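Working notes, structure below.
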Amino acid sequence: MVRFSDLELSSDAGILLARQAEQQRQVCQGIADCIEEWRDPNKITHSLQQLVSQRVYQLVGGYEDANDSNQLRHDPIYKLACDRLPLAHQAHLASQPTMTRLENHISKGEVSRMRSRMVDGFIKQYRQAPEEIVLDIDGWDDPTHGHQQLSCFHGYYGQHMYFPVLINEAKSGYPVVLQLRAGNSHSGKGVAGILRWLFWRLKRAFPDVRIILRADAGFALVEILRVCERSKVGYAVGFARNAVTERKIADLLERARLQYLKTGEKARLFDDVYYAAASWDEPRRLVMKAEWLPKGANPRFVLTNLEEPAHQVYDDFYVQRGADSEHRIKELKLGIQADRLSCHTFIANQFRLLLAQAAYILLLTIRHAAAGTQFATAQVPRLQAMLIKGAARVRVSARRVLVELAAYCPFAYELRQITQRLVSSQALILG
């Protein structure tokens, strides 16, 4: 016989790990601090910090829909994570209407302050000034299915959509900026202003840091290149082929073809030239990769102001961008459902992206604490399935709250290691 238990049980014991990560990062607290209280003080049941934390923890647990709050508000683990006693039939968390009111109350100014706090959190994670920061930037198509504001038809993707853009730190994957844009935006639209502000913030915090930006050909706009040059930031940006670049690479590509015919193996040759488009005021360095494969020619171009040899610019900087940035976007979409932007107003959907960004930061913190275990490089969906999803029984006595996990949990060692590291990191930062 199978039935649902009347005991205080939860299926998401790992949310307590996210709570420990929040104590270290203070990302939910930062978002809540940016929201101006609009409610009657005499009628407030749930604080802004609790509302934001509950919504972010639900995203960590894989519950992207605000409707899920109606059931999870009774869950003892979520109550504990939000600093509520997990007592049955009382001290409930917020329901869906309350969550929806929060999402639709956020203003443009509050979103700007939240974005600034996210960058502050990225800067504070460094215990000492870094020598180099490599930033990846990429966008993705987010189909829309209703009457959302600024949901527009994009000719390339052939659908009504939003076009978010993500800027993340390459080594750790930390999402520094996650910006929502209208669906008919060009890949690089609005990016120059964001980068100018971000470079200024990073340079102010770390005056001697070397910053390098990596991007695909969609961001090869002259205004983006100028921002990098004026901010003294290195860049390696893909560049689309045209008649002029094909003429410049023709000789190198022919040499690669002859080498392939001679050896029977793929040939890769590199060179660089200076190239200036008609709209540019000066020429810029163009790295060329002439590659010949069994299927034929595979030329590639990268605009850069880096001084390293051509093959190093391509192999050591640019080519690493694709896998890193695409994996981050994949984790945001599949693990946290960051593409669930179904609110009517544009600002509300931008707020949802910021909540997803916060959830991703907490999961990255858990993964960092899992160094040396089988979860050190696990993708977000696996972290959720193996660490967040776990049965727990919660009992409340006069002196303590006891959370009992499954006796035969296959990841007991990993859970202990991650918990100890999160607690020690918290002590180190606060101490």
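When S112, S10 are sorted by how many other C-beta atoms sit within 10 angstrom of their C-beta, beginning with the fewest, the order is S112, S10. For region 108-342, the Kirkwood hydrodynamic radius from C-alpha pairs, put into Stokes-Einstein at 4 °C and a viscosity of 1.567 mPa s, yields a diffusion coefficient of 67 µm² per second. What residues from region 8-45 fall in the zone where the backbone N is under 19 Å from a label point 7 Å along the Cα-to-C-beta line of Q90? Residues 8-9, 44-45 qualify, since their backbone N sits under 19 Å from the label point. Between the beta carbons of S279 and E254, assuming R0 = 30 Å, the FRET efficiency works out to 0.50 to the nearest 0.05. Spatially, region 235-306 and region 56-73 are offset by 49 Å when compared through their Cα centroids.
Eigen-decomposition of the gyration tensor built on the alpha-carbon atoms of region 298-431 gives equivalent ellipsoid semi-axes of 37, 22, 15 angstrom, largest listed first. Evaluated with a Cβ-only charge set (Lys, Arg +1; Asp, Glu -1), the chain carries a dipole of roughly 460 debye about its Cα centre, given to the nearest 20.
Extension gain for Y413-R241 works out to 56.7 nm (0.36 nm per residue, less the C-alpha to C-alpha distance).
Remark on the chain: hydrodynamic radius 23.8 angstrom, per the Kirkwood mean of 1/r across alpha carbon pairs. Compactness ratio for region 26-117: Cα radius of gyration over 2.2 N^0.38 Å (N = residue count) comes to 1.06.
Were the residues from Q71 through K189 laid out at 0.36 nm apart, the gain over their Cα-Cα distance would be 38.4 nm.
Once the Cα-Cα distance is subtracted from the 0.36 nm per residue extended length, the D141 to V319 segment shows a gain of 61.9 nm. Under the simplified labelling scheme, the S47-D83 pair shows an inter-label distance of 0.3 nm, with each label point 7 Å from Cα along Cα→Cβ. Between V423 and C152, the simple label model (points 7 Å from Cα in the Cβ direction) yields a spacing of 5.3 nm.
Highest GNM mean-square fluctuation among R39, R19, R73, for the chain modelled with Cα contacts below 10 Å: R39.
In this label model, R204 and H105 are separated by 2.9 nm, measuring between points 7 Å along each Cα→Cβ vector.
For W280, W197, which order do you get if you count the other beta carbons within 10 Å of each Cβ and list the fewest first? Mind dumping the intermediate values first?
On the way: W280 12, W197 15.
Least to most surrounded, the residues fall as W280, W197.
Computed from the coordinates by the stated procedures, all read-outs in this text should not be read as laboratory data. Only a predicted model underlies this, so the values are computations on that prediction, with no experimental measurement involved. Note that each Cβ is placed from the backbone with ideal geometry, even for glycine, and that neighbours are counted across all protein chains shown.
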